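Chemist: Pasting a structure below so you can have a look.
The values are calculated or read from the model by the stated rules, or taken from the named source; none is laboratory data. Values in this document were obtained by computation on a predicted structure and should not be read as measured data. When we count neighbours, we look across all protein chains shown, and the Cβ atoms used for this are built from the backbone with ideal geometry, even at glycine. To get the accessible areas, we keep the full protein, side chains included, count just its heavy atoms, and leave off ligands, DNA and RNA. Shrake-Rupley method; radii C 1.70, N 1.55, O 1.52, S 1.80 Å.
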Amino acid sequence: MTEERSTVRSRQLGDALRSAMDNAKLTGKRTAYLLDWSESRISRFLTGKLPATEIEISALLAIYGVTGSERDRLLELTRHPATLGWTPAAAVRTLTDHQRKATRLTEANTATVPLLLQTENYARAIVSRMVNAPTDGCEQFLAERLARQQLFGIAHPPQCRFYIHQLALHLPVGGPRVMAEQLHHLLRMSVRPYITIHLIPTAVGAHAALAGTCGLMEFPDIGPVAYLETEAAGYFVEESADVSKYQNVFTALAAVALDHAQTTALISRLAVDHYGSGRSG
């Protein structure tokens, strides 16, 4: 018997199939009738619990009238169910979808302010130095990155905890005025009830997140998923033994990071320092 196990890829495929079914104004029952399949089989495809072959998905896409690049994208998910790496565009779309469904989100950032907490000017300064960013349509690329912050506009955003290394706040991205704006933005975001920010002080020295930026998403009905983003690809980690390693990272960071009061005090001090140097410049 085929093991029914929900994965990042199968859930992404299932969500897209459900959307296509709705757009075609069909139901699971009608789809099952047209394909002579059981209704439960359709349901398990739509929830990502049943592995699907390319032939099966092709049949569903034909019924739902999905063609062109979207058809190619969904078939690609079927062809490589065990592949770890995702293209940057696919990874962003999948990460965004999963973060909106998560109940808890934890991130560790060692070099920059997390994207979800960046101001537009800070984000623009980063994009301007990304050698792999598109030379044409740079503003659209920036807008697509910042669109991920819409996570905080949904009805029930996840509880978010961010670990940021102190050195990231000393890096003058965009110059003193941009950094002052960014640091004040962090202070404003930190008072939201679903956002907690902890700084990893420089004095700690070596710490558990030296390997780089990573994140962890927790859900009400499936196991946690860890993720990593690079300019070349995105990676999702789902096996419980591997996910636990990232949970260990965040446990270790919690033990050395500053608490809320200490964090806001340090950010406030840095904001004044950056703002002062910006005025004098």
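Chemist: Go ahead and estimate [θ] at 222 nm for the chain from helices alone: -39,500 (n - 2.57) per DSSP H run with n ≥ 4, summed, over the residue count, rounded to 500.
Modeler: -16000 deg cm²/dmol, from helical runs alone.
Chemist: Between segment 104-151 and segment 217-244, how many Å separate their Cα centres?
Modeler: Cα centres, segment 104-151 to segment 217-244: 20 Å.
Chemist: Between residue 35 and residue 248, what is 0.36 nm times their sequence separation minus the Cα-Cα distance? Round to one decimal in nm.
Modeler: Here the answer is 72.0 nm.
Chemist: Carbon-plus-sulfur fraction of the accessible area of the chain, 1.4 Å probe, in percent?
Modeler: Ligands and nucleic acids excluded, carbon and sulfur give 54 percent.
Chemist: What base-10 log of the normalised intensity I(q)/I(0) is obtained for segment 92-214 from the Debye formula, alpha carbons as equal point scatterers, at q = 0.13, 0.20 Å⁻¹?
Modeler: -0.55, -1.31
Chemist: Okay, moving on. In terms of the Cα gyration tensor, with a ≥ b ≥ c the square roots of its eigenvalues, is segment 122-281 rounded because a/c is under 1.5, prolate because a/b exceeds b/c, or oblate?
Modeler: Taking the square roots of the gyration eigenvalues as a ≥ b ≥ c, segment 122-281 is oblate.
Chemist: Excluding ligands, DNA and RNA, what is the solvent-accessible area per residue of segment 78-166 at a probe of 1.4 Å, expressed in Å²?
Modeler: Accessible area per residue: 50 Å².
Chemist: Moving to a separate point now. For the chain, with only Lys/Arg (+1) and Asp/Glu (-1) charged at the beta-carbon, what is the dipole magnitude about the Cα centre, in debye rounded to 20?
Modeler: So the magnitude is around 540 debye.
Chemist: What distance in nm separates the simple spin-label points at residue 239 and residue 131, each placed 7 Å from Cα in the Cβ direction?
Modeler: The two pseudo-label positions are separated by 3.3 nm.
Chemist: Provide the packing ranking of 142-150, 163-171, i.e. peptides ordered by the mean count of other C-beta atoms within 10 Å per residue, highest first.
Modeler: 163-171, 142-150
Chemist: Normalising by the residue count of segment 1-150, find the relative contact order in percent from Cα pairs under 8 Å and 6+ residues apart.
Modeler: For segment 1-150, the relative contact order is 22 percent.
Chemist: Still on this structure, I have one more. For segment 199-238, what does the accessible surface come to per residue with a 1.4 Å probe? Please give it in Å².
Modeler: So segment 199-238 comes to 45 Å² accessible per residue, rounded to a whole number.
Chemist: Pop the C-beta distance of residue 54 and residue 156 into the FRET formula with R0 = 25 Å and round what comes out to the nearest 0.05.
Modeler: After rounding to 0.05, the efficiency reads 0.10.
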